[in-house]
Amino acid sequence: MSSNRLLSIDALRGLVILFMLLDHVRETFYLHQQVGDPMDVTATEPALFFSRTLAHLCAPVFILLTGLSAFLYGEKQMSRAATSAFLFKRGLFLVVLEFTLVSFAWTFQFPPTVIYLQVIWAIGLSMLALAVLLWLPRVWLAALGLLLVAGHNLLDGLHFGPESVMHISWAILHDRGWIEFSDTLRLRTSYPVLPWIGVIALGYAIGPWFRWSSAPEQRLQWLRRAGFAALALFVALRLINGYGEKPWAVEETALQTLMGLFNITKYPPSLLFLALTLGIGLLLLAAFERRNDGRLVRTLAVFGSAPMFFYLLHLYVLKLFYVAALAIWGANQGHYFGFDSMGWVWAATLLLALVLFLPTQWFARLKARRRDIRWLKYL
């Protein structure tokens, strides 16, 4: 039972890792066709729109599973204090990683002039917050998570300029923007963390569903109910066409209208964004629980069992490939080297997934075999 439930978690994490790979291939080799947040459905090709929308699953699922994994870590340690200490150390480690190895992987610039504080930063700060919040009773923790996820859009109209004492803290928490760190360095808070703290809290709150003593059928029922409830909330709010999102409208074509319905905001993630992505994520987790003996689930679980290793590896491989392509073929898309279509983006993603599978599998086995090497658990 235990291995099956953990396999489903790794499989879901592995699936969204592949979606992340697709999005990062796009951001590397299709940069000449950048998209906004939310996207312009009248000017974005459907293949690009739906590929980007598919990648929206990544951050919510990563952070929800981080909270869930933290609960399971605590169950194994039988100590809330040990869990809090691990989350604090791991959170700090991820924040440092974002400023160093991750930032350099995106730019190959040292010293950097711009650092984009992205998903690793958001996960790190969310873990630091959870290190404190996990001391709350589970009901209070779940209520706080729901409040942050559902209520943060009420703060969308609140802004603080660079001259305000609140500018830096609010840019980190909710208002995506720039922080002028020095004359030569700027920080971009790409992932405002307030709603992500809500997501990690909800992940921790659903942890008891995955206890050793929990019946698998009961767990499946909880996952399905929560998943369908989240999707029902998405549909209801989209029909109301108001809270926290740019309203959708009937466009020139049915396809553009459909795109408009799913055109949701990620930075920071709206309630609609999180209701859709977390709803799908919970239902996928239930599906993987049901199919945990299949080859697909076990293959995906390889990627999900060494997520940080894969994350760092794929960033550096992508950057090296891009530098090589630019040197060989030049800037064929304005200032960039880029593919001519999204078909090539998908093909490159498939090829890279195959190339990176074996080193990821090697590291996952090393981490499982050498539990005496303490630093491996941070990767």
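Here is how the numbers come out for the structure above:
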read-out: Largest to smallest accessible area among His335, His24 [probe 1.4 Å]; value: His335, His24
read-out: Distant alpha-carbon pairs in segment 7-369 (separation over 34 angstrom), percent; value: 26 percent
read-out: With DNA, RNA and ligands ignored, accessible area of Lys377 (1.4 Å probe; Å², nearest 10); value: 80 Å²
read-out: Shape call, segment 136-288: gyration tensor on alpha carbons, a/c limit 1.5; value: oblate
read-out: Residue range of the chain that is longest and free of chymotrypsin sites (Phe, Trp or Tyr not before Pro) which are both DSSP loop and sparsely packed (at most 14 other C-beta within 10 Å); value: 244-379
read-out: Segment Leu92-Ser341, extension gain: residue separation times 0.36 nm, minus the distance between their alpha carbons; value: 85.7 nm
read-out: Under Karplus coefficients 6.51, -1.76 and 1.60, residue-wise ³J(HN,Hα) of segment 30-39 in Hz, glycine/proline x; value: 9, 5, 6, 10, 5, 10, x, 9, x, 7
read-out: Listed pairs Lys246/Lys319; Lys76/Lys377; Lys89/Lys319 exceeding 25 Å between Cα atoms; value: Lys246/Lys319; Lys89/Lys319
read-out: Low-density loop positions, trypsin sites (Lys or Arg not before Pro), segment 135-225 - DSSP coil, at most 15 other Cβ in 10 Å; value: Arg211
read-out: Protein accessible area in the chain, 1.4 Å probe - carbon and sulfur %; value: 67 percent
read-out: Solvent-accessible area per residue, Å², over the chain with all protein chains present [probe radius 1.4 Å]; value: 47 Å²
read-out: Sparse-neighbour loop sites [GluC sites (Glu not before Pro); segment 237-276; at most 16 other C-beta within 10 Å; DSSP]; value: Glu251, Glu252
read-out: The chain: antiparallel DSSP beta bridges as a percent of all, rounded to 5; value: 50 percent
read-out: Residue-wise HN-Hα coupling along segment 187-198, computed from phi with Karplus coefficients 6.51, -1.76, 1.60 (Hz; x: Gly, Pro); value: 10, 10, 7, 5, 10, x, 9, 3, x, 5, 5, x
read-out: Ala142/Asp183 FRET efficiency (R0 51 Å; Cβ-Cβ; nearest 0.05); value: 0.70
read-out: Cα gyration tensor, segment 205-298 - rounded (a/c under 1.5), prolate or oblate; value: prolate
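The values are calculated or read from the model by the stated rules, or taken from the named source; none is laboratory data. Just so you know, these numbers come straight off a predicted model, no measurement behind them. Here the Cβ is made from the backbone with ideal geometry for all residues, glycine too, and neighbour counts use every protein chain on show. Heavy atoms of the whole protein, side chains included, go into the accessibility calculation; ligands, DNA and RNA do not. Shrake-Rupley method; radii C 1.70, N 1.55, O 1.52, S 1.80 Å.
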